[in-house]
Structure formats: C-alpha cells, structure tokens
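Peer 1: Below: one structure in structure tokens.
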Amino acid sequence: MNAAVFPRSTVKFLLVIELVESGAADRLGLTDEALALAFASHNGEEAPAKVAASMLAAAGRDVTALECGTHWPTYEPAARSLAAAHQSACPLHNNCSGKHAGLICLACDPGVDPLGYIDPVHEIQRRVTDVLASMTQTPHTATNRGTDGCSMPTYAVPLKALAHGFARFGSGVGLSSERAKAKHRLRKGGSSPSVHGSRNRTIRHNGHEQFRNSCVHQNGR
C-alpha cells in the first residue's frame, strides 16, 4: 500500500474541486454536464467535443486555448465520420479536453492568462496541485512529478494516501464547508447522464473505478 503510483486520470475529480470551490463554475454558468466532462475521459465523439467547446466559450476562449494536443477520436466510427467529411481531428477530440477546458475556465474567471496552464509553475496549475496535495496529504513537488500523455503534470502518490484522498472526497470527513459543498456539486454532476456514454467506454466519474483502471506504478509495471 506504500507503493507510489502515477494516478493520472484517476484524480481528475480532485483536480476539478477548485473550479467549483472557488465559485468559478457558478460564475461562468457551467452545467452539471460540463463539470462531468471536466473530470471524465471521453472517446472524441461529437457530443463531448461540443460540451468542451461550450466550456471554452463560457470562458471567452476557443479550441486554440487547449494545450492537450490532438488525437483522432478513439471511437472508430467517430474517427471515420470525421475523415468521411474531410475534417481533421482537433484538441476537442482529445479524451482529456474536458479537464483542460475546466482549467482554462478556472484561469479566465479571475482574469488570469491561461497560456501555459499546463506548466507546473502556472498559477492555475499551482492551485489545483495544492488541492491534490491537501486531499492526499502528500507533497506534490518536482521530485515526484512526471508528465501525463495530455501534457499535464502527474504526481506519484502512495496508494494508501491516494485511497485516503478518495475516502475524504467520498465521506466529506475533514473537509471545509466550502470543499464539502463542492464535493456534493461534483457528485451531482457525476450522476448526470452526461456526455455520456462515450461508446465502448464507461466515462469514469467515480474514483474507485478510475483508481482500479488508471493507476500506473512508478516503476512502469
């Protein structure tokens, strides 16, 4: 249980806490559907891509603000449909575009330039990393930092600490009143019929499923 893992997408729902707790989600009018996408992965179909685009629009931005990179939809019929229409994939089709759109919203709400938001030293990256460190009670520093496939920093965390972080989120024990409210809002979003069923992929909103499927051991095994 003390083995360190890079949790990667497992902690998306912890990353998005700051978006809600800060009030940015409400000020920008983000829907439960948008919040669900912010802490989920998708297959690049039209529906989630449109939701990600709507999140960027709420922040006054467009697809050019995304720094997650581009890959073709992982749902083959969606990729074939794009190709048949002589269209190219764009960052909206990246399976992490919702998470990245959420970070851009968090930056734009107080007027912070989102450029470089994936850099560990960016103000927004520091804010969400502080939440990760608080929830897992584990330092998140350069010494345990790696880079995820979507260009985001990811931090190696002991399994036990990660499990305790999930327990804090699930139970609310030890959370401030504002964080507890954010947690309830996110759980509500996670139960929405969101974007929804990216085909052949269960969009994983709940931590235990993400934890079981997404953790990568620090030694690569």
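The values are calculated or read from the model by the stated rules, or taken from the named source; none is laboratory data. Computed from a predicted structure; not experimentally measured. With ideal geometry, Cβ positions are generated from the backbone for all residues, glycine too; neighbour counts draw on all protein chains shown. Side chains are part of the model used for accessible areas, which takes the heavy atoms of the whole protein and leaves out ligands, DNA and RNA. Shrake-Rupley method; radii C 1.70, N 1.55, O 1.52, S 1.80 Å.
Peer 1: If LEU115 satisfies every condition in (1) touching an Asp or Glu at 6+ places or on another chain (Cβ under 9 Å); (2) surrounded by fewer than 16 Cβ atoms within 10 Å (Cβ to Cβ); (3) in a helix (DSSP H, G or I) but one, which is the exception?
Peer 2: It is condition (3) that LEU115 fails.
Peer 1: Additional query: Would you call LEU14 within 12 Å of CYS105 (Cβ to Cβ), crowded, with 17+ Cβ neighbours inside 10 Å and in contact (Cβ under 8 Å) with a residue 12 or more places away in the chain?
Peer 2: So LEU14 fails the test.
Peer 1: With the requirement that a residue be under 17 Å from the mean Cα position of the chain (by Cα), hydroxyl-bearing (Ser, Thr, Tyr) and at pLDDT 95 or above, what does the range 135-192 give you?
Peer 2: Selection gives THR136, THR147, SER151, THR154, TYR155.
Peer 1: Another one. So GLY116 passes all but one of these: (1) touching a Ser or Thr at 6+ places or on another chain (Cβ under 7 Å); (2) more than 24 Å from GLU178 (Cβ to Cβ). Which condition number does it fail?
Peer 2: (1)
Peer 1: I need the full set of residues from the range 62-81 which are open to solvent by less than 30 Å² (accessible area, probe 1.4 Å) and touching an Asp or Glu at 6+ places or on another chain (Cβ under 9 Å), in order please.
Peer 2: Across the range 62-81, the qualifying residues are PRO73, ALA78.
Peer 1: Pull up the range 57-75, narrow it to residues that are touching a Cys at 6+ places or on another chain (Cβ under 8 Å) and outside any loop (DSSP other than H, G, I, E, B), then point me to the one that is nearest to THR154 (Cα to Cα).
Peer 2: Within the range 57-75, the match that is nearest to THR154 (Cα to Cα) is VAL63.
Peer 1: Of all residues in the range 76-112, how many are over 18 Å from VAL20 (Cβ atoms), in a helix (DSSP H, G or I) and hydrophobic (A, V, I, L, M, F, W, C)?
Peer 2: The number of residues fulfilling the criteria is 6.
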